[in-house]
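No lab work stands behind these numbers, since they all come straight from the coordinates. Every value quoted in this text rests on a predicted model; they were computed, and no experiment measured them. FYI the Cβ positions are ideal-geometry reconstructions off the backbone, even for glycines, and counts take in every protein chain you see.
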């Protein structure tokens, strides 16, 4: 699976028992590539790079949960890549096994000629990041297709998640392609317009309603693979 722009490509591979998507951002002009959230099967990640004939120069981390970072050290043993991480997540993590370059939300990492803007999107963890490229959002565990990440783990905050998802929905053009951190839905990617219409977590106007649904209702009433949920169904016609 891949998403293509005139100047870069986003390649994806599902790896691991938790259906993680590991992404490879390929800058066409230079042949450089960044791996997003290397985990589970580093040889498969290296194979993906060889298939695309790219050189892995960077590692971008959306957050520090083990299922997204358990391949970092092995990958760095095979490449000279630089690790990039939001400062807020490094402070939350506190045990990064490598020395990353730290950023604030809004900073840009250049992968060759491809700009990757690091958005600070707290809610799943305090320093979670989404990676914004022209026309694309690699969302980590902040936004799934028709879902969002849990807020009941250490560092999770449903109020922050509510504000983060509202901000994403308002800031991005509707045709922006969303690339989630896990393959939990009826299809691997979506668009912001589809998420505005069918992601239940983007249907709430009031914070208390969102918090109640995220913390008490969602995991009881929904099972993967996630499909669209319209507002009328979610609110009982309200």
Is there a residue in the stretch 40-55 that is under 20 Å from the mean Cα position of the chain (by Cα) and closer than 19 Å to residue 101 by Cα? no
So is residue 180 free of Cβ contacts under 8 Å to residues at least 60 places away in the same chain, more than 24 Å from residue 94 (Cα to Cα) and surrounded by 22 or more Cβ atoms within 10 Å (Cβ to Cβ) or not? no
Residue 229, sole failed condition from (1) farther than 30 Å from residue 115 by Cβ; (2) touching a strand residue (DSSP E or B) at 6+ places or on another chain (Cβ under 8 Å): (2)
Any idea which of 218, 124 is in contact with a helix residue (DSSP H, G or I) (Cβ under 8 Å, 6 or more places away or on another chain), more than 19 Å from residue 23 (Cα to Cα) and buried (at least 22 other Cβ atoms within 10 Å of the Cβ)? 124
When the residues of the stretch 145-161 are narrowed to those that are touching a strand residue (DSSP E or B) at 6+ places or on another chain (Cβ under 8 Å) and buried (at least 24 other Cβ atoms within 10 Å of the Cβ), which ends up farthest from residue 85 (Cα to Cα)? 146
Hits in the stretch 208-238 (condition: in contact (Cβ under 8 Å) with a residue 24 or more places away in the chain and over 19 Å from residue 145 (Cβ atoms)): 211, 215, 235
Just the residues that are part of a strand (DSSP E or B) and surrounded by fewer than 24 Cβ atoms within 10 Å (Cβ to Cβ), please, taken from the stretch 131-143. 132, 133, 136
